[in-house]
Amino acid sequence: MPKNGKGYIGVVTLALMTVAALFSLSGLTENAEFGFSSIFFYALTALLFFIPAALTAAFLATRFPTGGVNVWVSNAFGKKWGLLAIWLQWIQSVTLYMTILSFAAATLAFAFNPALADNSLFVFAVILCIYWGVTLLNFRGMKVSTKISTYGVMLGTLIPGAFLILLSLIWILQGNPIQFEISASALLPDFEGVGSLVLAIGGILLYAGIEMSAAHIKRLRNPSKEYPRAIFLASAIALVVFVLGSLAIASVVPQQKISLVAGVMEAFTALLSHYSMGWLLPVVLVLIVGGTVAQINTWIAGPSRGILKVAREGSLPPLFSRVNSKDMPTTVLFLQGVLVTLLGAVFILMPDVSGSFWILTALTAQLYLIMYIMMFAAAIFHSKKVKVKPGMFRMPGGRHGVWIIAGTGLLASIAAIALGFFPPSQEQVGNLLFYDGFLLLGIIVLVSAPLLMFHFRKPSWVQKKVEEKY
């Protein structure tokens, strides 16, 4: 709790901080393919996932303020499952790198030849160059990493996003043709089988990571009242921003031609060309690629620290706890790079770049949702076991509210995981056997790995308490 009343933040500040942390240009294209009905999907995702996840995280964070998802789940179900939770939070970030980096590659292609955005080898090469470059930069320590993340996200994500929305609003207000239907009936999606709705689970990743906002709950004067207000406000702002971002793309690019990886640059190209501002395209390109690098930098620096912590506690082999002179987890960072390199091969194996982007998006969502299922279940468990004390966040509705809110998020997560096994009808993902096999094998391998290491752990893996330098 801040001392002398200093350091407190308000409802609006926390809401804006939350939206700024979540917003990503690379995630706007999936829902852009739904046109006007993207409003329905964003609202549904916010109601069934974003709000339950945020409130559940606040509920857990005030009961166990010294740790994140690892501590929350460990105290409910044991250290093994706490390890799995933090492992999934880390490993999904590795698969998430692929979608963000492929977006960066497609954006960079517009500096040379837009057709390169659909060239698998070009995308693969850019992924490796950017990722390994950022990894080597992170070896220098967290101070350098933090500065890049802070300025990069502002310049490369928020500013281009606002500019794209502004251009599209001008386009619409001037009476230019819009590439989607605007009507009450168009708000609801056309149901042409499960495959026509699958892309909607990509929208979950726009809200994923919301549990991080719970870290700021002690900076509120009255957490029980102010945090729910901040989350509902953040949900409303995020809904508006995400909807406007997706519709900005859909307004100028025909739905059937929207590329999952290049949709943002396709929209910028069309809008800037129309307003004779093509000279700005290289500036936008540099900003977006820089913002993407900053996003990768943020994810590389963050979740890897959680793995380092559980390794030092003896839940993982000592190999995972090795650090350099800057206290950076070198083995974890190197292992991430190896996994990114191997996963990058998907872009060569799949029929097209958008299909590769989607299958990695689906795997990322499924892995993260397994973690969220554990988080929701932990909240339900703790609602019965942990006595409410002053300063703890009280879920709306009390204990029954925990069951309803966390239960809603849990069921929505299970449904979204199941939905991910259906290939989207809008994208070419190749053979169904390969698609489902890749997802199933990926989940089995990445979930079983930490459980096996924990099963064979040794007492010698536990290290003496180490003072961390970040």
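The values are calculated or read from the model by the stated rules, or taken from the named source; none is laboratory data. These numbers were taken from a predicted model, which means no experiment stands behind them. Every residue, glycine among them, receives a Cβ derived from its backbone with ideal geometry; neighbour counts consider all protein chains shown.
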Out of the stretch 23-35, which residues are under 10 Å from residue 242 (Cα atoms) and under 13 Å from the mean Cα position of the chain (by Cα)? 23, 24, 25, 27, 28
Would you mind stating whether residue 366 is touching a helix residue (DSSP H, G or I) at 6+ places or on another chain (Cβ under 6 Å), touching a residue at least 24 places away in the same chain (Cβ under 8 Å), polar (S, T, N, Q) and over 19 Å from residue 132 (Cβ atoms)? yes
Does at least one position in the stretch 332-346 carry a residue that is in a helix (DSSP H, G or I), of a type in the set (Ser, Thr, Tyr) and surrounded by fewer than 16 Cβ atoms within 10 Å (Cβ to Cβ)? yes
Residue 11 vs. criteria surrounded by fewer than 22 Cβ atoms within 10 Å (Cβ to Cβ), of a type in the set (A, V, I, L, M, F, W, C), free of Cβ contacts under 8 Å to residues at least 24 places away in the same chain and over 25 Å from residue 163 (Cα atoms): no
Out of the residues in the stretch 221-237 that are surrounded by fewer than 19 Cβ atoms within 10 Å (Cβ to Cβ) and among the polar types (S, T, N, Q), which is modelled with the lowest pLDDT? 224
Among residues belonging to the stretch 148-177 that are surrounded by 17 or more Cβ atoms within 10 Å (Cβ to Cβ), among the polar types (S, T, N, Q) and at pLDDT below 85, point out the one that is farthest from residue 100 (Cα to Cα). 149
Elements of type helices (runs of 4 or more DSSP H) contained in the stretch 238-323, each with 1 or more residues being basic (Lys, Arg): 303-312
Which residue is farthest from residue 101 (Cα to Cα), if the candidates are limited to the stretch 319-349 and must be without any contact (Cβ under 8 Å) to a residue 60 or more places away in the chain and polar (S, T, N, Q)? 325
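Here is a yes/no grid of residues against (1) under 19 Å from the mean Cα position of the chain (by Cα); (2) within 18 Å of residue 134 (Cβ to Cβ); (3) modelled with pLDDT under 90:
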| position | (1), (2), (3) |
| --- | --- |
| 241 | yes, no, yes |
| 249 | no, no, no |
| 289 | yes, yes, yes |
| 296 | yes, yes, yes |
| 324 | no, yes, yes |
Between a first residue in the stretch 306-318 that is over 15 Å from residue 335 (Cα atoms) and a second residue that is surrounded by fewer than 24 Cβ atoms within 10 Å (Cβ to Cβ) and not aliphatic (A, V, I, L, M), which pairs have beta carbons less than 6 Å apart while being 6 or more apart in sequence or on different chains? 312/321; 312/463; 314/461; 315/454
Residue check for residue 18: touching a His at 6+ places or on another chain (Cβ under 9 Å), buried (at least 23 other Cβ atoms within 10 Å of the Cβ) and within 25 Å of residue 242 (Cβ to Cβ): yes
Starting from the stretch 122-142, take each residue that is free of Cβ contacts under 8 Å to residues at least 12 places away in the same chain and within 16 Å of residue 112 (Cβ to Cβ) and list its partners that are outside any helix (DSSP H, G or I) and hydrophobic (A, V, I, L, M, F, W, C), counting only C-beta distances under 8 angstrom and pairs at least six apart or across chains. none
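One line per residue, one yes/no per condition, for (1) within 30 Å of residue 327 (Cα to Cα); (2) of a type outside the set (S, T, N, Q):
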residue	(1), (2)
239	no, yes
244	no, yes
257	no, yes
266	no, yes
273	no, no
277	no, yes
286	no, yes
289	yes, yes
296	yes, yes
Which pairs turn up if I take residues in the stretch 442-457 that are over 16 Å from residue 92 (Cβ atoms) and look for partners that are assigned to a helix (DSSP H, G or I) with beta carbon separation below 6 Å, at least 6 apart in sequence or on another chain? 454/80; 454/83
Being surrounded by fewer than 22 Cβ atoms within 10 Å (Cβ to Cβ), among the hydroxyl-bearing types (Ser, Thr, Tyr) and under 18 Å from residue 334 (Cα atoms) is true for just one of 95, 135. Which residue is that? 135
